[in-house]
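*Asks:* Encoded as structure tokens, here's the structure I'll be asking about.
Bear in mind these aren't lab numbers, they're just calculated from the coordinates by the rules spelled out. Every value quoted in this text rests on a predicted model; they were computed, and no experiment measured them. Here the Cβ positions follow ideal geometry from the backbone for every residue, glycine too, while neighbour counts run over all protein chains shown.
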Amino acid sequence: MSTVPTHLDPEDWDSFRAGAHRMLDDMIDFVAAIRSRPVWQKMPVEIRSELRGKLPEGPVPLEQVHRDFMERVLPFSVGNAHPGFMGWVHGGGTVQGMMAELAAAGLNANLGGRDHAPIELERQVLRWAAEAIGLPAESAGLLVTGTSIANLAALLVARTRHLGPEVRREGLEGRRLVAYASDAAHGCVAKAMDMAGIGSDNLHLVPSDENGRMDLSHLAERLRTDRARGAEPFMVVGTAGTVNCGAIDDLAGLAAFCRAERLWFHIDGAIGALAGISPALKPLFAGIEQADSIAFDFHKWLQIPYDCGGFLVRDAQLLHQTFATDNVYLRRETRGLAGGDLPWPCDLGPDLSRGFRALKVWYSLRVFGRERLAAVMENHCRLAQSLAARIAAEPRLEMMAPVALNIVCFRYRFENDADREMVELAADLQESGEAVVSTTRIKGQVVLRAAIFNHRAEERDLDRLISAVLRLGAVRG
Ligand SMILES: *Cc1c(COP(=O)(O)O)cnc(C)c1O
């Protein structure tokens, strides 16, 4: 007779509890002492190969699996919890958000639909997002993995607006839809066009000006020529905080243009949309409240643990027409667990089964409050200005783009082969463990990009970054 239990609960709840408390302490210790660690370190090859075993046949004790995690996984993670991490655009996360993740996993709710409180929480945090952005409370949306998928969902709603809900059955039928974004827009917008079957070539990239903002006269001209040759423009995507340098498109200008031309106005607000919680930053985004749809990320500037993005659509009915389906096994009733307020979340997006992302947002927004989260964002903008001033004052460094928010693009002045050296310098820096920046291209040149998104970041982290760049840059010449 096999003695393998046919359930998955612990055999001994007391020893499970003790092990679970140790895991919790380890994670709290990790975050509390994050500054004592390198920002990033490369995973050694031996450890990488140790993680490539066969499917486990029998049980490994929880303590052992946790030890493996602590020794082989945790030290070799991205490092975005560390205040020296300024690479790409990554939020730092919080221990309060971590606790909410624990509660959400314990509850194991499925937020596809039905009548339960977790769905109310999701509706609530979306109303809070709408309030921060300035959209009407009746706007509808969902929490999703991130802005990449949020942009796709919004694009599909814009497609429904242009072609009618029949497009879902009939497809594009040879119609040539065209959308616009600036050449500084995130690559996921083109990918959304591709995934929606419209084609990434049909996202026309409008040149951005020296401040990284879409040039509206170019946009108007491009629209005219596209219409003249029989294409069907349907959407403009404005960016509220470009990934390269944090530039904010002229959102009020784009809103007026879209109204006049009867185009859907979508905003990629991955970086900036939720900065509306700060009265000091909100004016930078004037016009954002006029969008037809907005995509945003909670896991970036708002520090909610990964993953969590969202989108909102002003016309709730159009969103419903884009995603709702009618399956017998998902019948909605007027009472019982199959009741509940309509629409169900599965009618507002691509997923049926959905986790309880809303809980970590709800915890975080309540535990910190708007004011404190706004203070984090405002501090990042101050730090970015301070970093820019130091770079400008340092003869071996050069600022490469205006600082609109919290992203600083700069270069080390190399004599020869500057682009190549810049890429190497970024890698030297990452491998030093002292700081992490990434690279991008501005006006054809490779630059270092420090994106200040970690709520733990302070002036001393900028000191460390500058001195490491100068030291490692000097080694390269
Ligand atoms: C990060 C980012 C995205 C993609 O968002 P994900 O959450 O990574 O999917 C899109 N647009 C901009 C401007 C971004 O910064």
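*Asks:* What's the FRET efficiency of A474 with R382 using the Cβ-Cβ distance as r and R₀ = 35 Å, to the nearest 0.05? Walk me through the numbers before you get to the answer.
*Replies:* Values: r = 29 Å, r/R0 = 0.81.
My answer for the efficiency is 0.75.
*Asks:* For the range 33-114, evaluate the Debye formula with one uniform point scatterer on each Cα (no solvent term) and list log10 I(q)/I(0) at q = 0.18, 0.19, 0.23, 0.25 Å⁻¹, rounded to two decimals.
*Replies:* With no solvent term, the Cα-only Debye profile gives -1.05, -1.10, -1.18, -1.20.
*Asks:* Treat every Asp and Glu Cβ in the chain as -1 and every Lys and Arg Cβ as +1, leave all other atoms uncharged, and give the resulting dipole magnitude about the Cα centre to the nearest 20 debye. Kindly include the intermediate steps, with their values, before the conclusion.
*Replies:* Working: 53 positive and 61 negative charges, 128 e Å.
Dipole size: approximately 620 debye.
*Asks:* Further question on the same structure: V367 label point, 7 Å along Cα→Cβ, cut-off 18 Å on backbone N: hits in the range 446-460?
*Replies:* So the set is 454-457.
*Asks:* A further question on this structure: Viscosity 1.567 mPa s, temperature 4 °C: Stokes-Einstein D of the range 205-270 from its Kirkwood Cα radius, in µm² per second? Spell out each step's value before the answer.
*Replies:* On the way: Rh = 12.2 Å.
In µm²/s, the coefficient rounds to 106.
*Asks:* Additional query: Would you work out the relative contact order for the range 368-465, in percent, from Cα pairs under 8 angstrom that are 6 or more residues apart?
*Replies:* Reported relative contact order: 26 percent.
*Asks:* I've got another one for you. Could you work out the relative contact order of the range 336-416, using alpha carbon pairs under 8 angstrom and six or more residues apart, expressed as a whole percent?
*Replies:* Values: 48 pairs, mean separation 14.3, N = 81.
Answer for the range 336-416 is 18 percent.
*Asks:* Going by amide H atoms built from the backbone, whose H comes under 5 Å of the H on G309, apart from near neighbours?
*Replies:* V144, T145, G146, F298
*Asks:* Separate question: Which residues' amide hydrogens lie under 5 Å from the amide hydrogen of Y180, considering only partners 5 or more residues apart or on another chain, with H built in the peptide plane?
*Replies:* H204, M235, V236, V237
*Asks:* How long, wide and thick is the chain, going by the Cα atoms along their three principal axes, in whole angstroms, largest first?
*Replies:* 73, 71, 43
*Asks:* Another question, then. With unit charges on the beta carbon (Lys/Arg positive, Asp/Glu negative), name the residue among H299, M195, A252 whose Cα is farthest towards the positive pole of the charge dipole of the range 183-319.
*Replies:* A252
*Asks:* State the dimensionless ratio Rg/Rh of the range 120-225 (Rg: radius of gyration of Cα atoms; Rh: Kirkwood radius).
*Replies:* On the way: Rg = 15.9 Å, Rh = 15.7 Å.
So for the range 120-225, dividing Rg by the Kirkwood Rh gives 1.01.
*Asks:* Hey, another quick one. Express as a percent, rounded to the nearest 5, the fraction of DSSP beta bridges in the chain (both residues included) that run antiparallel.
*Replies:* Details: 24 of 43 bridges.
Percentage antiparallel, nearest 5: 55.
*Asks:* Further question: Per residue of the range 416-428, what does 6.51 cos²θ - 1.76 cosθ + 1.60 with θ = phi - 60° give for ³J(HN,Hα)? Whole Hz please, x for Gly and Pro, Karplus curve as stated.
*Replies:* 10, 6, 4, 4, 4, 5, 5, 4, 5, 4, 4, 5, 4
*Asks:* What length, rounded to one decimal in nm, is gained on full extension from N110 through to L62, with 0.36 nm per residue of separation minus their alpha-carbon distance?
*Replies:* On the way: separation 48, 0.36 × 48 = 17.28 nm, distance 2.56 nm.
Value of the extension gain: 14.7 nm.
*Asks:* Looking at the range 341-445, which GluC sites (Glu not before Pro) are in a loop (DSSP not H, G, I, E or B) and have at most 14 other Cβ atoms within 10 Å? Intermediate values should be presented prior to the final figure.
*Replies:* Numbers: sites: E371, E378, E398, E415, E421, E424, E431, E434; in loops: E415, E434.
Sites meeting the loop and neighbour criteria: E415.
*Asks:* What list of ³J(HN,Hα) couplings, whole Hz, do you get for the range 368-381 from phi and the Karplus terms 6.51, -1.76, 1.60, once you set θ to phi - 60° and write x for glycine and proline?
*Replies:* Result, ordered by residue: 9, x, 4, 4, 6, 5, 5, 4, 4, 5, 5, 4, 4, 5 Hz.
*Asks:* Each label point is 7 Å from the Cα along the Cα-to-Cβ direction; what then is the distance between the points at E459 and L24, in nm?
*Replies:* My value for the distance between the label points is 3.8 nm.
*Asks:* If you put +1 on each Lys and Arg Cβ and -1 on each Asp and Glu Cβ, how big is the dipole of the range 179-237 around its Cα centre, in Debye rounded to 20? Walk me through the numbers on the way to the answer.
*Replies:* Details: 6 positive and 9 negative charges, 36 e Å.
So the dipole magnitude of the range 179-237 works out to roughly 180 debye.
*Asks:* Still on this model: Could you sort 334-343, 64-73, 232-241, 123-132 so that the peptide with the highest average Cβ count within 10 Å comes first and the rest follow in order? Could the numbers behind the result be given before it?
*Replies:* On the way: 334-343: 11.5, 64-73: 13.6, 232-241: 26.1, 123-132: 19.4.
Packing order, densest peptide first, comes out as 232-241, 123-132, 64-73, 334-343.
*Asks:* On a straight-distance basis, which lysines could pair with K360 in a cross-link, Cα separation under 21 angstrom, same-chain partners fewer than 8 positions away excluded?
*Replies:* The qualifying lysines are K300.
*Asks:* Another question, if that's okay. Roughly how many whole Å is it from the C-alpha centroid of the range 121-190 to that of the range 383-413?
*Replies:* 34
*Asks:* Could you give the semi-axes, largest first, of the ellipsoid that matches the range 253-317, computed as the square roots of 5 times the alpha carbon gyration tensor eigenvalues and rounded to whole Å? Before the final figure, lay out the partial values.
*Replies:* Working: eigenvalues 104, 45, 13 Å².
Three semi-axes, in Å: 23, 15, 8.
*Asks:* Using the charge dipole of the chain (Lys, Arg: +1 at Cβ; Asp, Glu: -1 at Cβ; taken about the Cα centre), state which of I442, A375, F69 has its Cα farthest towards the positive end.
*Replies:* Going by the charge dipole, the pick is I442.
*Asks:* Counting Lys +1, Arg +1, Asp -1, Glu -1, what net charge surrounds I47 among other residues with beta carbon under 12 Å of its beta carbon? The partial results should precede the final answer.
*Replies:* Details: positive: K42, R48, R52, R72; negative: E46, E50, D68, E71.
After counting each charged neighbour, the total is 0.
*Asks:* While we're looking at this one, here's another question. With just the Cα atoms of the range 213-359, tell me how far they stretch along each of the three principal axes, in Å, largest first.
*Replies:* 56, 41, 22
*Asks:* What full-extension length gain, to one decimal in nm, is calculated for A231 and K191 as 0.36 nm per residue of separation minus the Cα-Cα distance?
*Replies:* On the way: separation 40, 0.36 × 40 = 14.40 nm, distance 1.97 nm.
Extending this stretch completely gives an extra 12.4 nm.
*Asks:* Let me ask something else. For a Förster distance of 45 Å, can you work out the FRET efficiency between the beta-carbons of E120 and E415, rounded to the nearest 0.05? Show your work: numbers first, answer last.
*Replies:* Values: r = 62 Å, r/R0 = 1.37.
Efficiency, from the Cβ-Cβ distance: 0.15.
*Asks:* Apply the Karplus parameterisation 6.51 cos²θ - 1.76 cosθ + 1.60, with θ equal to phi minus 60°, to every residue of the range 94-99 and state each ³J(HN,Hα) to the nearest whole Hz, in sequence, with x for glycine and proline.
*Replies:* Result, rounded to whole Hz: 9, 6, 5, x, 4, 5.
*Asks:* Which one, A140, A104, P165, projects farthest toward the positive side of the charge dipole computed for the range 98-171 from Cβ point charges (K/R +1, D/E -1)?
*Replies:* In the range 98-171, that residue is P165.
*Asks:* Taking only the alpha carbons of the range 308-422, what extent do you get along each of the three principal axes, in Å, biggest first?
*Replies:* 71, 36, 24
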